[in-house]
Amino acid sequence: MSVFGERLKLARKRAFLSVEELADKTNVAASVFYKYESGKVEPPQEKLKSICQNLGCTSDFLLGNEIADQNPKTGRMLKIYNSLSSENQDTIIILMNGLRMHSLTADVVNNK
């Protein structure tokens, strides 16, 4: 299996999607996705972008140019996020930025 195929399968599983679900979301036949995951072929650029958007990862990750995130919570969070309306997704981003700023402020106050 190629690095791309391994990473694609990993990202798909972390997003809690079956091959068929991801194929449907990206308008690619499931049989083609099986070829992607086995490393027999790689998707064209426009399909790669759609795959990344649906999996919440970068093309650099799938192509092996970025270190794999080992946190299994990432896939669960992504599945929940993807199930939300666009408005609620925006709210989640605002909340996450607020939490990040709170954490940074606490680190400064505590001299970390």
Mind checking which aspartates and glutamates have their Cα closer than 14 Å to the Cα of K79? Skip sequence neighbours fewer than 8 apart in that chain.
E21
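Using the number of other C-beta atoms within 10 angstrom as an exposure proxy, rank T58, T26, T74 with the fewest first.
Details: T58 12, T26 20, T74 15.
Sorted ascending by nearby Cβ count, the order is T58, T74, T26.
Just the projected area, averaged over all directions, of the convex hull on the alpha carbon atoms of the chain: how many nm²?
8.2 nm²
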Give the cross-link partners of K40 among the lysines, using a straight C-alpha distance below 25 Å as the criterion and excluding same-chain residues fewer than 8 apart.
K9, K13, K25, K49
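Bear in mind these aren't lab numbers, they're just calculated from the coordinates by the rules spelled out. Predicted model, so just to flag it, every value in this text is computed and none were measured. Using ideal geometry, Cβ is built from the backbone for each residue, glycine included, and neighbour counts are taken over all protein chains shown.
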